[in-house]
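Working notes for the structure below.
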Amino acid sequence: MSTGNDCTLNEQRLGRVRPLEVVSHRQTDWDRAFYGVAIEVGRLSKDPRRKVGAVVVAPDRRQMSPGYNGFPPEVPDTAQNLLSRDFCRKHMVHAEMNCMKQAAPTMLLQDATIYVTRFPCRECAEKIRAVGIARVVAPLPDLTHPRWGMSWAASITLLDAAGVRIHFPTAEEMHDG
């Protein structure tokens, strides 16, 4: 039988005895949750070489749009297409582009945060800046990478110059603790 004081009793059990105090999550909690969504979304990619996920989240955290690297709808996901590096380089749409494109009709991206499982390339960084995304959460890129290093360096410069905050989460931040 409920006494009407169940919430207060639970709060006291948890050591929270201030009933008017606003309960909120730390930014690290939100980052862990939404980065986890990006990881899960990335698993949907059919790319056999790399599965990248992204999720763009509105400033109030009430709307989000996921995306993963994949072909546009008009390009069939055949084994032949997916196994051809050249074909993939020409036709694969990056996770960041997919989530921003899907968000555009119904969600304002101004001041949003984008969570990406691989650091954005220069082209994606330009789009992130252009739509007004305020924050990028992604792994620290290897700037010595032979294919992507220069692009990632240019992305960091471009985003920094535009005032876009970049957060490279640590392993500890991404685990419950």
For the stretch 147-166, what are the residues that are within 17 Å of Val131 (Cβ to Cβ) and not in a helix (DSSP H, G or I)?
Ala162, Gly163, Val164, Arg165, Ile166
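Report yes if Arg135 is within 21 Å of Thr28 (Cβ to Cβ), open to solvent by 90 Å² or more (accessible area, probe 1.4 Å) and in contact with a strand residue (DSSP E or B) (Cβ under 9 Å, 6 or more places away or on another chain), otherwise no.
No; evaluated as a whole, the condition is false for this residue.
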Among the residues listed as Thr170, Thr144, the single one being among the hydroxyl-bearing types (Ser, Thr, Tyr), farther than 20 Å from Gly36 by Cα and assigned to a loop (DSSP other than H, G, I, E, B)
Thr144
Here the qualifying pairs (Cβ atoms under 9 Å; residues six or more apart or on different chains; first in the stretch 157-173 and aromatic (Phe, Trp, Tyr); second part of a loop (DSSP other than H, G, I, E, B)) come out as Phe168/Phe119; Phe168/Ala138; Phe168/Pro139; Phe168/Leu140; Phe168/Pro141
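Condition test on Arg165, is it open to solvent by 60 Å² or more (accessible area, probe 1.4 Å) and either at pLDDT below 95 or at positive phi (or both)?
On the way: open to solvent by 60 Å² or more (accessible area, probe 1.4 Å): yes; either at pLDDT below 95 or at positive phi (or both): no.
No: the conditions fail for Arg165.
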Being open to solvent by 70 Å² or more (accessible area, probe 1.4 Å) and over 14 Å from Glu96 (Cα atoms) is the requirement here; does Arg26 meet it?
yes
The stretch 118-132, residues that are buried (at least 24 other Cβ atoms within 10 Å of the Cβ) and touching a Leu at 6+ places or on another chain (Cβ under 6 Å):
Ala125
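The values are calculated or read from the model by the stated rules, or taken from the named source; none is laboratory data. What you are looking at is a predicted structure, and each value in this text was computed from that prediction instead of being measured. Glycine also receives a Cβ, built like all others from the backbone with ideal geometry; neighbour counts cover every protein chain displayed. Keep in mind that these areas ignore ligands, DNA and RNA; they rest on the heavy atoms of the full protein, side chains included. Shrake-Rupley method; radii C 1.70, N 1.55, O 1.52, S 1.80 Å.
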